[in-house]
Amino acid sequence: MAFAASQPKTHHSSVTAIQLLPPLQIPLGLIGDPALRPVADKLAAGRRLDRSDGLALMTSRDLIGLGALANAARQAKNGRQAYYVVNRHLNYSNVCVNRCAFCAFWRSPQDEGAYALSSDEAAVLASEDAGLEISELHIVGSCHPDLPLSYYLELLRAIKAVRPQAALKAFTPVEIDHMARMEGMETRQVLQLLQKAGLVAMPGGGAEIFAPKPRAKLCPRKISGQRWLEICAEAHELGIPTNATMLYGHIETPEDRVEHLFALREQQDLSGGFNAFIPLAFHSQNTVLNELEPTTALDDLRVIASSRLILDNFPHIKAYWVMLGEKLAQVALNFGADDLDGTIIKENITHSAGATTSVGLSEERLRTMIQAAGFKPVRRDCFYHSLEA
Ligand code: V47
């Protein structure tokens, strides 16, 4: 069940056809920044944006103009629907050989607080809140120096046994590459074995920022952006949809952000298996980059809006409430986002770096946030199928 890898540049697949943006109805009177006018004209004519358009968006301070453009694109893609998922995050280990500068979650094996869950312990966590109908388990951890591939296969099987209804969205391309290297295997083979053990989708983490210069400073031991994209393409070929992220608000430039988004757009043209893009606002506490200021609301909304417009072949843009805060995530629904992610239950990665949001949200709260913003809440499964009655 491949997406589109065997038919590059066709914009369709056997799973979901890739839709580009149709000509958009733009309220031109709302575009104040002259640099956004040519972008508005292109969108109104149904033409794809180029890198200079991307840079105009990514550097504009015309929040109303950005919102008007992104909202028109959001309307064309997803109407008034705003998605959420009843999910749970599960972090199987924090022991990591990559030791990225932006991350407050990793530990060395001998550090206090270092852990790796046994498959039984992971199954106990997954089976907590038995009354909650969890649709998706988001399972990520670290690049552990010792765990063999059999550990990850057993982890998936044990979790699947206690939560058979939940889709296992597990392991980033970074973890897949690490498992393959530990075993001396090809990543494609690792993906196939994980798929047999229950993996049906992959989260978008580990992309960070693709540009080699900041990447070398932030995460010198991590796989390159090119390799991250290649592993996504392999997953897509095997019928495993993935997400994509971009970590922003650290040492990257607006050009780096635009390059990152175009690399994702080009990969999606080829392999077609990305479901959602999730911009991740950098949190600096307990990291070596703790001198850096947090992102501003303008920048957060601008990244969401620019992503919606540049990633014309991505079905969904997530406003990840954990990082944006509940209030800004709600506002982001009017700036191109159509998904608030989910209940999560217990978020660890951003909270180790000083996130002040709650660690999880109730389904009722997510529905209220969506309704109060004037959108129609749609409970979804891992693949964006509606679970509404
Ligand atoms: O890969 C790490 C980022 C990612 C920090 O696919 C940080 O549905 C901010 O990928 N400040 C993990 N960000 C989170 C992630 C994700 C989250 C929600 C949904 C999905 C999805 C994916 O968080 C890491 C890294 O890029 N990260 N440290 C930090 N200090």
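Among residues of region 318-329 that are more than 13 Å from HIS351 (Cα to Cα), those with a Cβ under 7 angstrom from a residue that is away from the ligand (no atom under 13 Å from the Cβ) and open to solvent by less than 30 Å² (accessible area, probe 1.4 Å), sequence gap 6+ or separate chain, pair up as ALA319/ILE304; ALA319/ALA332; ALA319/LEU333; GLU326/MET369.
Checking region 114-131 against the condition returns a match, with at least one residue being of a type in the set (Val, Ile, Thr), over 27 Å from SER224 (Cβ atoms) and either more than 21 Å from the chain's Cα centre (by Cα) or not assigned by TED's automatic domain parsing to the domain that holds LEU289 (or both).
Here is a yes/no grid of residues against (1) in contact with an Asp or Glu (Cβ under 7 Å, 6 or more places away or on another chain); (2) farther than 14 Å from ASN98 by Cα; (3) of a type in the set (Gly, Ala, Ser); (4) not assigned by TED's automatic domain parsing to the domain that holds GLY273:
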| site | (1), (2), (3), (4) |
| --- | --- |
| LEU137 | no, yes, no, no |
| SER142 | no, no, yes, no |
| LYS169 | yes, yes, no, no |
| PRO173 | no, no, no, no |
| ALA180 | yes, yes, yes, no |
| PRO203 | no, yes, no, no |
| PHE210 | yes, yes, no, no |
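Applying the condition of being within 15 Å of the ligand (Cβ to nearest atom) and either under 18 Å from ALA56 (Cβ atoms) or part of a strand (DSSP E or B) (or both) to region 262-282 and asking which residue is farthest from the chain's Cα centre (by Cα) yields ALA281. Only residues that are away from the ligand (no atom under 16 Å from the Cβ), open to solvent by 50 Å² or more (accessible area, probe 1.4 Å) and not in a strand (DSSP E or B) were counted in region 79-112, giving 5. Summed over region 61-78, the residues that are open to solvent by 30 Å² or more (accessible area, probe 1.4 Å) and of a type in the set (S, T, N, Q) give a count of 2. Of all the residues in region 266-279, those that are touching a helix residue (DSSP H, G or I) at 6+ places or on another chain (Cβ under 8 Å) and open to solvent by 30 Å² or more (accessible area, probe 1.4 Å) number 1.
Among the residues of region 283-307, which ones are in contact with a strand residue (DSSP E or B) (Cβ under 7 Å, 6 or more places away or on another chain) and either part of a loop (DSSP other than H, G, I, E, B) or hydrophobic (A, V, I, L, M, F, W, C) (or both)? Within region 283-307, THR295, VAL303, ILE304 meet the criteria. Show the residue pairs meeting these rules: Cβ distance below 8 Å; 6+ apart or different chains; first residue within region 272-296 and more than 12 Å from HIS250 (Cα to Cα) and β-branched (Val, Ile, Thr); second residue near the ligand (Cβ under 8 Å from one of its atoms) and in a loop (DSSP other than H, G, I, E, B). Filtered contacts from region 272-296: ILE278/GLY204; ILE278/TYR320.
Yes or no: region 283-291 includes at least one residue that is under 18 Å from the mean Cα position of the chain (by Cα), within 14 Å of the ligand (Cβ to nearest atom) and open to solvent by 10 Å² or more (accessible area, probe 1.4 Å). Yes: one or more hits.
The values are calculated or read from the model by the stated rules, or taken from the named source; none is laboratory data. Please read these numbers as outputs of a predicted model, since none were measured by experiment. Cβ sites come from the backbone with ideal geometry, for glycine too, and all protein chains shown count toward neighbours. Surface areas here come from the heavy atoms of the whole protein model, side chains and all, with no ligands, DNA or RNA. Shrake-Rupley method; radii C 1.70, N 1.55, O 1.52, S 1.80 Å.
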